[in-house]
Amino acid sequence: MSGIVYALIGIALAVTLAGCGSAIGVKIAGEAAAGVVSVDPSKFSKVLVLQLLPGTQGIYGLLVGFIALGKIGLLSGGGVDISVANGLLILAACLPIAVVGLVSAINQGKTAAASIGIVAKKPEQFGKSMLFPAMVETYAILALLVSILAVSGIQL
Amino acid sequence: MAVCKMQRMNIFGLQEDRKAILERLQAWGVLEVNIPETGDGLATMDTTSSRQRYERRAQTLQQALEVLDRYAPEHKSLFATLAGKDQIGKDDYTEVCTRRHEIVAAAQQVLNREKEIGEHKAAISRLENQLEGLEPWMSLDVPMNFRGTASTSLFLGTIPGSWTQETLMEAIGAATPELTAQDVTILSIGRDYAYIAVLCLRDDAAKLEEALRSIGFARPSQLSDKTPADAQADLLAQRAGEEQKIADLEAALREQGGSRRDFQVLSDYFRIRADKYEVLGQLPQSSRTFLVSGYVPADQTKKLAGDLTDHYRAAVEIEELPEDEEAPVLLQNNHVGKMSEGIVKTFALPHSGEIDPSFFTTIFYIFFFGLMLSDAAYGAIISIACAFALLKFPRMGQNMKHSLQLFFWCGLSTVFWGVMFGGFFGDAVNVVSRTFFGHEITLKPVWFAPLEDPTKMLVYSMLFGMIHLYTGLLLKGYMCLRRKDFVGFIFDVVCWLLMLTGLILMLLPTEIFYGISQMRFNFSPALVQASKIMAIVGAAGILLMSARDKKNPLLRLALGAYDLYNITGWLSDALSYSRLLALGLATGVIAQVFNQMGSMFGGGVLGAILFTVVFVVGHVLNLAINLLGAYVHTCRLQYVEFYGKFYEGGGREFQPFHQQTNYVEIKEEI
């Protein structure tokens, strides 16, 4: 039965770390965005898009957390008896998106802030500026993929 | 899907037709002025001062419009930006232009009135400072400059610090113990100063003043001959006067709001004139003739040349562009291609000799966008919103129109994939039926639910990705053939196709692939053999021939091996399409989270109300965030993975000499 503790730790890590990363990333980009809008309010929508880009890791963390919660039966109310080994498996499966989500969201935030600099100086290059943060996100997507495959692959 | 062919048009005209011809060209708007080097007695004219004069007037009108926007704001709907520019008939336009002096004077008056308002506001803030300065003296009932009567002296002033009647009396008493007949009043106590009035006998005045000075007494700087109450009333009256003046000016400005349209049209008129003079300044001219030269799309040259020679005495000559001349790029597409011209332009326009990828971009954009969002309800919302905007505002800007058309189709694609994967506001059908109607209705996916079988979806994502990438490689092959670069076609395209296809065919029957996908491929031995040969032939071709311009055989092999290493690039490109799975799941799962949250309040009326609130807020949020994700990542798949295979870009946009206006569009029959 105590395996559920490990499973919940894993879920908590996925949601918390990825969410923290996104919060920091969005904050970094938001500060840069606010600076641009203070000079030129017409760029609001463009910089807002860039600010939101590092927000996805938090969603990915939530995604994995939600799938794992469904897996261990906490959503439907009936607790499934989970062995320690299975609990640890779920914990391990949650780690990729937890760690990569945290690190990539922060770095994506920095890249997004730099891209907001592009929009400030050359608004017509908005399309390209959007690509740089999206590059960073690739690695969060890869981690998400492994986490999803692992969580859904575990046989309880 | 094409880059429009450009031709050079040279127009030789007489000086007397110069302005008329330029205006005609500007109305046509199909010629980009580009004057080649000329010599031989032709000189350009300096038009800077006329141009600046028109720009200044356009500027004045623009500023006047901004002022009017502040004082007489126009009621604009939220979607005003979609509505496009107003159209104005030629006659109306000419009528406004004939009143231009009057209109510029009115605009100047608007600016002057605004300046006056600024001055009155400054006056008010001056008055308010004075009022504030009077405040501490208000309990005084003699004029501020009152110095005493025949036998008494009055000291009005401030002393620093905090005082009370007693401490002040003590201090004065300590400084001049012999004086006894003074009356000390503290009028008010401010933060840093006490405001006091001290009355004494005239004979004692000098001594008292000395005593007061020793504790820091200072007379006030402004002395009026009125009591503070009177002075305050005076100032208030003045302030009311200034406020009335501001109100009058504002009312006058509001009345001028009716001239807004005139200002807009005329500012566009001056903008057009300024552009004309800018072009005029570039034209080589002799005393009797002038020359205009520039790029014109090939399908327009005949019509334009005919029009010019019909109306004016001008010689028009059309020439083909030499091979090495980089012509400006104008994309020319059918309806499908047009939709993603904006997306192509955001990346880069094709340079000369490249194909225009718009058509393929549109097809794949719509396909991948739908896969990433994959929720029927969200797709329907997007399509309906786009269709509504397109029907409601038929004259919106071209770029906006094409983008909305693209997203209309993206929405339909989303509906399609939503039905395939069984997403309708996530699992709203199940949750609503279970919570409110007691028995669960399941919306069955037509194909399969990715959440239940993510590996299957992953494999299909890669498959769609490989189709995308192969299309890119084939387009590269098409460009090689068009350039008649057959060697390049064989070794840069066919060899890669052979090797990749061979490798994929080798991978499919393996245990590793079965382990991932649970899909068993049993190839005949002949096919297995063929796949090996394909891979080896392809790899050998790349190894030996990819650096064919290098003479040194060792260097050539080394570079060939390095090119072969690009296979890792293909691997990472293919893996990149896993975002189709990830983003598709993200939409569905977050929608489920919100549905779950909504259903936690249980059934019944209250439950239904709370469910609706959570449902609306949650799904709006989810739609917004995933719309952004689908947009960004579909763009990325086009720009990085797809264009990376064949497209460089770097062309310069075709910028014709036309009537560039901010507010109105002039209808002109040509």
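Numbers below:
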| item | result |
| --- | --- |
| R0 of 35 Å, Cβ-Cβ distance B:I189-B:R70: FRET efficiency to nearest 0.05 | 0.25 |
| Karplus-derived 3J(HN,Hα), 6.51/-1.76/1.60, for each residue of the range B:519-526, Hz, glycine and proline x | 10, 9, 10, 10, 8, 5, x, 4 |
| Solvent-accessible area of A:T16 with every protein chain in place, 1.4 Å probe, in Å² to the nearest 10 | 70 Å² |
| Chains B and A together, accessible area buried on both sides, 1.4 angstrom probe, square angstrom | 2400 Å² |
| Violating pairs (Cα-Cα greater than 18 angstrom) within the set B:K76/B:K121; A:K27/A:K122; A:K27/A:K110; A:K43/A:K121; A:K43/A:K122 | B:K76/B:K121; A:K27/A:K122 |
| Charge dipole of the range B:528-670 about the Cα centre (unit charges at C-beta), most positive-ward option of B:M545, B:Q596, B:G618 | B:M545 |
| Proximal charge balance of B:D485 [Cβ under 11 Å; K/R count +1, D/E count -1] | +3 |
| Inter-label distance for B:V487 and B:D248, nm, one decimal - labels placed 7 Å from Cα along Cα-to-Cβ | 8.8 nm |
| At least 20 Å² accessible surface lost relative to isolated chain, residues of the range A:30-64 (1.4 Å probe) | A:V49, A:L52, A:L53, A:I59, A:Y60, A:L62, A:L63 |
| 1.4 Å probe accessible area per residue over the range B:488-576, in Å² | 59 Å² |
| Peptide B:619-631, shielding by other chains (average Cβ, 10 Å cutoff) | 2 |
| Percent accessible area from carbon and sulfur atoms, chain A, protein chains only, probe 1.4 Å | 73 percent |
| Summed residue charge, Cβ within 13 Å of B:L304's Cβ, Lys/Arg positive, Asp/Glu negative | -1 |
| Per-residue SASA entry for B:H439, accessible area with 1.4 Å probe, Å² rounded to 10 | 110 Å² |
| Chain B: angle of helix B:398-421 to the longest principal axis, Cα-based, in degrees nearest 10 | 60 degrees |
| Chain A: angle of helix A:84-121 to the longest principal axis, Cα-based, in degrees nearest 10 | 0 degrees |
| Alpha-carbon centroids, the range B:616-670 and the range B:542-592: separation in whole Å | 27 Å |
| Nearest-ten-degree value, helix B:18-28 long axis tilted from longest Cα axis of chain B | 70 degrees |
| Accessible solvent surface per residue of chain A, calculated while the other protein chains remain in place, 1.4 angstrom probe, Å² | 41 Å² |
| Cα gyration tensor shape of the range B:145-221, rounded if a/c is under 1.5, else prolate or oblate by comparing a/b with b/c | oblate |
| Potential lengthening between B:E255 and B:A624 on full extension [0.36 nm per residue; Cα-Cα distance subtracted] | 128.6 nm |
| Minimum 20 Å² accessible area buried by the other protein chains, the range B:451-467 residues, probe 1.4 Å, relative to alone | B:L451, B:P454, B:L458 |
| Per residue accessible area of the range B:279-385, 1.4 Å probe, in Å² | 40 Å² |
| Per-residue [θ]222 nm for chain B (sum of -39500 (n - 2.57) over DSSP H runs n ≥ 4, rounded to 500) | -19500 deg cm²/dmol |
| B:M519-B:D549 FRET efficiency (beta carbon distance; Förster radius 45 Å; 0.05 resolution) | 0.60 |
| Peptide B:632-643 - average C-beta neighbours from other chains (10 Å radius) | 3 |
| Between the range A:1-41 and the range B:323-358, the alpha-carbon center distance in angstrom | 40 Å |
| Calculated log₁₀ intensity ratio I(q)/I(0) where the Debye formula runs over C-alpha points of the protein assembly as shown, q = 0.06, 0.07, 0.08 Å⁻¹ | -0.65, -0.80, -0.93 |
| Average beta-carbon neighbours from other chains, 10 Å sphere, peptide B:587-596 | 3 |
| Cut-off under 5 Å, modelled amide H: who pairs with B:K5 long-range | B:A298 |
| Accessible area of chain B belonging to carbon and sulfur atoms, whole % at 1.4 Å probe | 58 percent |
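The values are calculated or read from the model by the stated rules, or taken from the named source; none is laboratory data. From a predicted model like this one, the values you see are computed outputs, not experimental measurements. Don't worry about glycine lacking a Cβ; one is built from the backbone with ideal geometry, like all the others, and counts go over all protein chains shown. Only protein heavy atoms, including side chains, enter the accessible area calculation; ligands, DNA and RNA are left aside. Shrake-Rupley method; radii C 1.70, N 1.55, O 1.52, S 1.80 Å.
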